[in-house]
Each structure stands twice: as structure tokens, then as C-alpha cells.
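One structure is given here, and the rest of the page talks about it.
The values are calculated or read from the model by the stated rules, or taken from the named source; none is laboratory data. These numbers were taken from a predicted model, which means no experiment stands behind them. Cβ placement follows ideal geometry from the backbone for every residue including glycine, while neighbour counts extend to all protein chains displayed. In case anyone asks, the SASA skips ligands and DNA or RNA and just uses the protein heavy atoms, side chains included. Shrake-Rupley method; radii C 1.70, N 1.55, O 1.52, S 1.80 Å.
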Amino acid sequence: MIAPALLIITGHPATGKTTLANLLAAELSLPLLSKDVLKETLFDSLGWCDRAWSRQVGVAAITQLYRLADSLLFARRPFVIESNFRADLDTPRMQALAASHSFRPVQIRCVAAGDVLVARIRHRIASGQRHPGHCDELGAADLEIVRRRSDIQPLPIGGALLTIDTTDPACIDYPAVLAWARAQLAAAADSDPPSS
């Protein structure tokens, strides 16, 4: 039985993970599951008000994300899944998926300099690019946390890992990233499923 590749795109907010996930899903003709897309769909259905509500909707969105992932893995389909995955919360969720359906994890981690992330977040707020339900207005203390925090850690679930520094998007070799992802998908399709 084929163990499909699960292409996991992770990174802190404003690292460009959504842009990369959309590009890879389109170029590789794969379904894309995105936490923020699910969250915004819930906002459109249920409304929005403040950051506490946004966090509650985020919990519902991540629950839906894993439910949809379960369905695609049941069908043995490779796909792209994108979120700011946290090692403490998402490792057991991924392990639960793997216990039900074998898959080959392929992670791409997006990182960027703190000052650049702060500038992107400020631009995003000023431009109104994001759904208002996210309540992205951050104070000085919040932005300082963004500036100083360490890069997001990959999930400790094994598999291939590629880290992309998105500080300067002009320096990203997208064809090379795409070629790497294609190679990982091909390797998963050609190999035996991992032992549990």
C-alpha cells in the first residue's frame, strides 16, 4: 500500500508560508489545506469581534484541518498542508494521523529575520490585506516578541526537511524548491511505506 507524501509548510506568521504553499500546490497539482483559509471561512459564517474570538475560531480551524487531512490520507492522496505548526501541539496530532494512515512527512520551514517580519506585519495591517477577523492589530510589546523570537521549529516526526530563508524573497530559488519537492514526492511514490 502506498504511503502518500504529506507536504507540510510551516513558519511564523509573515514568513511567506502561504505564498509558498499556494505555489507548490498549483505547480504540483496537489490539494492544499490551509488553516487560515478554514479560519476565514468560519469568520464569514460565524462573524468576528476580537482576538479572543479569533483564537477560538483558530482552534476550530485547526481541528477541521486535521479532520480534512485524515480524509485525504484515507484516500492515500498526497497533499499540501500549511499552518504555523507548533511542535508541542502539532506533534501529537501528526502522530495520531500517522497511527491511522501511513504517510511520508516532507517539511518545508519558512524563516525570516525578525525586523523583516515586523515590517511585513505592519504593512499587512496598514494595507488591509488580511481578513479582519484575524484581529492583526499588534501593540509594541507584541511586535517586539515577533522581532526577538527564534525561528519556528520543525515537527519532530522524521522525514525530509528543507528550510527556506524568506528574508529577501528575490533570493529564493523557487525552481530549486519545486524540484526538491517533486523529488520528495517521487521518492515517496516509489518506496515502501514507513514501518510503524
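Evaluating residue 119 against the criteria (1) free of Cβ contacts under 8 Å to residues at least 12 places away in the same chain; (2) open to solvent by less than 60 Å² (accessible area, probe 1.4 Å); (3) over 25 Å from residue 37 (Cα atoms) leaves one unmet condition, (3). Tell me yes or no: at least one residue of the range 131-154 is over 30 Å from residue 44 (Cα atoms), of a type in the set (A, V, I, L, M) and in contact (Cβ under 8 Å) with a residue 12 or more places away in the chain. Within the range 131-154 (the criterion being over 30 Å from residue 44 (Cα atoms), of a type in the set (A, V, I, L, M) and in contact (Cβ under 8 Å) with a residue 12 or more places away in the chain), the answer is no, since none of the residues qualifies.
Against the definition (of a type outside the set (Gly, Ala, Ser), open to solvent by less than 40 Å² (accessible area, probe 1.4 Å) and within 19 Å of the chain's Cα centre (by Cα)), how does residue 107 come out, yes or no? Spelling it out, residue 107 is indeed of a type outside the set (Gly, Ala, Ser), open to solvent by less than 40 Å² (accessible area, probe 1.4 Å) and within 19 Å of the chain's Cα centre (by Cα). Taking the criterion of being within 21 Å of residue 182 (Cα to Cα) and either of a type in the set (S, T, N, Q) or free of Cβ contacts under 8 Å to residues at least 40 places away in the same chain (or both), the residues of the range 76-116 that qualify are 83, 102, 107. So which residues in the range 20-41 are open to solvent by less than 60 Å² (accessible area, probe 1.4 Å) and farther than 21 Å from residue 90 by Cα, if there are any at all? Of everything in the range 20-41, those that are open to solvent by less than 60 Å² (accessible area, probe 1.4 Å) and farther than 21 Å from residue 90 by Cα turn out to be 24, 25, 28, 30.
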